[in-house]
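Report on the structure given below.
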Amino acid sequence: MSDLPEIRIGTAEREQALDMLSEHFAAGRLTVVEFDERSATVASATTRGELEQVFTDLPAPAVAAPAKTHSTSREPESDHNWRRIVMSVIPLLALVLFFVVPVDNSWLFFLMIPAAGAILFGTRDDRDRDR
């Protein structure tokens, strides 16, 4: 009975549909224009049938692979998380240094942002691991 296309949907269902649509876009199955059009349709959808029409020509979402059980599988993930945290703090640090440190050319502190990104995420090992 819950599979009826006339059943009304809520915000949670729309957000889930937008997440699935974003995955299809990231996989290259949709162009920017198609993604924009379908996102607008999902945002204005009120029933399950309207949501299902957005995904009729797209493959079903792939089932996630089971997580590896050996002890090293958590280390790269935790390593990557601290890098994201550091990278999110760097712009704030640059802004504080810009206003607090009395140095000529204090705008150079903002070069820390791309430099930190290159240092934290720019190694070849990280790109291979994420694939």
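Read-outs throughout are calculated quantities, based only on the coordinates presented, and are distinct from any laboratory measurement. Being a predicted model, the structure only gives us computed values, none of them experimental. For neighbour counting, all protein chains shown are included, and Cβ atoms are generated from backbone atoms with ideal geometry for every residue, glycine included.
Given labels modelled 7 Å from the Cα in the Cβ direction, how far is it in nm from residue 97 to residue 12?
4.5
Under the rule of at least 5 residues apart or a separate chain, name every residue whose amide H is placed under 5 Å from the amide H of residue 47.
Close amide H contacts, sequence-distant or interchain: 9.
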